[in-house]
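Some notes on the structure that comes next.
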Amino acid sequence: MAQACLALVMIGITLYALLGGADFGGGFWDLTAGGDQRGGRVRGMVQRSMSPVWEANHVWLIFVLVMVWTAFPVAFGSMFSTLEIPLFLAAIGIIFRGTAFALRGSAATIREARVIGATFALSSVIVPFFLGAAIGAVASGRVPVGNQRGDTITSWLNPTGVLIGVLSVLTGAYLAAVFLAGDSVDAGLTDLARAFRSRALGAGLVTGLVALGGLFVLRSDARALFDGLTSGGGLAAVLASGVAGAVTLWLVYGERYALARWTSAAAVAAITVGWVLAQSPYVLPPRLTLDQAAASDATLATLLVGMGIGALVLVPSLVYLYRLVLAGRLQHEFEPLDQRFRPLTAGDPDAEGPR
């Protein structure tokens, strides 16, 4: 039962890395889009694509937290006490980001829109970085068993933590660019499709190079993790991720975005599987194994039954939601995000009437 619970946790982490990661990646492209008018169309597409699903994308974070808290309470307490700083900052970022995204369409002036947009965009970079740094702390064996037994600063602020934090930001940007390129094609906006195609190719190459260079960082800073990723099942997962990433770049270059969505997702999923295989059998390497971390059999059985019942409602609902989104039935009409703050010009169809 402990292995079944771990499998569910990894499914949740993978889905959050894919869906939540792409969600955060949209904020990255919002941040780097440029000035009000230059970046207005990019931000408008980010808004259009994210609006129907941005809340649903983050249900997997709650799922993972509940699973780990209930199934592996000792590991949960150890992680959240030692890693209180990055996890607290990530939580604050999620709150500010969600609030800003909900309010950005209600800005009364361009100044308000800039402040709200900056809050959304900066939070979209901060959150995945701190979550990635926390994962780096666990994977590199810097979270000891017990209440705040590890250093609350150096446990995550180290070469491995920074590396995985940066990779989390880059991976989200890569996923988002692939998805947004496809959405732009579906919306008939060829200029934006080309813009996001270039972003996807660039982000994919940069992410791959950072990941390859990161192996040298792991070799010197987290040798056990490096050994796990370069042998056995961990190596197979890393190679599978690399192949899927290369195929994605080829598909994006050929503007075959429907297939590229799936291969980009496979590349990210393979990395999460590789992480688990690399640190097996530990939950908190090198001290706490899966069997040692697991709650009682009665607790695990109750958790699995409860999650199974909940899945009967949750999974079909999410599948239906994403099918509607991919079919284009939930997106609103595209509008550059700065459009309603532009001055009226001669020939504007709204120039003779109220805006």
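Leu15 fulfils the conditions (1) at pLDDT 90 or above; (2) out of contact with any helix residue (DSSP H, G or I) (no Cβ under 8 Å at 6 or more places or on another chain) except for a single criterion, (2).
Could you check segment 279-322 and list, in sequence order, the residues that are closer than 25 Å to Ala173 by Cα and either of a type in the set (A, V, I, L, M, F, W, C) or touching a Gly at 6+ places or on another chain (Cβ under 7 Å) (or both)? Before the answer, list the steps.
First, the residues of segment 279-322 that are closer than 25 Å to Ala173 by Cα: 318-319, 321-322.
Answer for segment 279-322, where residues must be closer than 25 Å to Ala173 by Cα and either of a type in the set (A, V, I, L, M, F, W, C) or touching a Gly at 6+ places or on another chain (Cβ under 7 Å) (or both): Leu318, Val319, Leu321.
Considering segment 88-121 alone, what residues qualify as being in contact with a helix residue (DSSP H, G or I) (Cβ under 8 Å, 6 or more places away or on another chain) and not in a helix (DSSP H, G or I)? Correct list: Ala107, Thr109.
In the set Asp30, Asp36, only one residue is open to solvent by less than 30 Å² (accessible area, probe 1.4 Å), among the acidic types (Asp, Glu) and over 16 Å from Leu19 (Cβ atoms); that residue is Asp30. Checking each residue of segment 216-233 against the condition of being without any contact (Cβ under 8 Å) to a residue 12 or more places away in the chain, open to solvent by 40 Å² or more (accessible area, probe 1.4 Å), assigned to a helix (DSSP H, G or I) and hydrophobic (A, V, I, L, M, F, W, C) gives at least one match. The set of residues from segment 234-267 being part of a helix (DSSP H, G or I) and charged (D, E, K, R) comprises just one member, Arg261. Reported count of residues in segment 234-271, each being surrounded by fewer than 20 Cβ atoms within 10 Å (Cβ to Cβ) and either within 19 Å of Gly136 (Cβ to Cβ) or among the hydroxyl-bearing types (Ser, Thr, Tyr) (or both), is 1. Cβ-Cβ distances below 7 Å connect no pair with a first residue in segment 79-94 that is farther than 13 Å from Val143 by Cα, a second residue that is in a helix (DSSP H, G or I) and among the acidic types (Asp, Glu), and a separation of six or more residues or different chains. Annotation: of all residues in segment 322-355 being farther than 23 Å from Arg104 by Cα and modelled with pLDDT of 55 or more, the one that is least open to solvent (accessible area, probe 1.4 Å) is Leu324.
I need the full set of residues from segment 20-37 which are at pLDDT below 90 and under 26 Å from Ala71 (Cβ atoms), in order please. If the condition is that a residue be at pLDDT below 90 and under 26 Å from Ala71 (Cβ atoms), then no residue fits. Of the residues Gly306, Gly274, the single one that is in contact (Cβ under 8 Å) with a residue 40 or more places away in the chain and in a helix (DSSP H, G or I) is Gly274.
The values are calculated or read from the model by the stated rules, or taken from the named source; none is laboratory data. This structure is a prediction, so every number in the text was calculated from the model and none was measured. With ideal geometry, Cβ positions are generated from the backbone for all residues, glycine too; neighbour counts draw on all protein chains shown. Side chains are part of the model used for accessible areas, which takes the heavy atoms of the whole protein and leaves out ligands, DNA and RNA. Shrake-Rupley method; radii C 1.70, N 1.55, O 1.52, S 1.80 Å.
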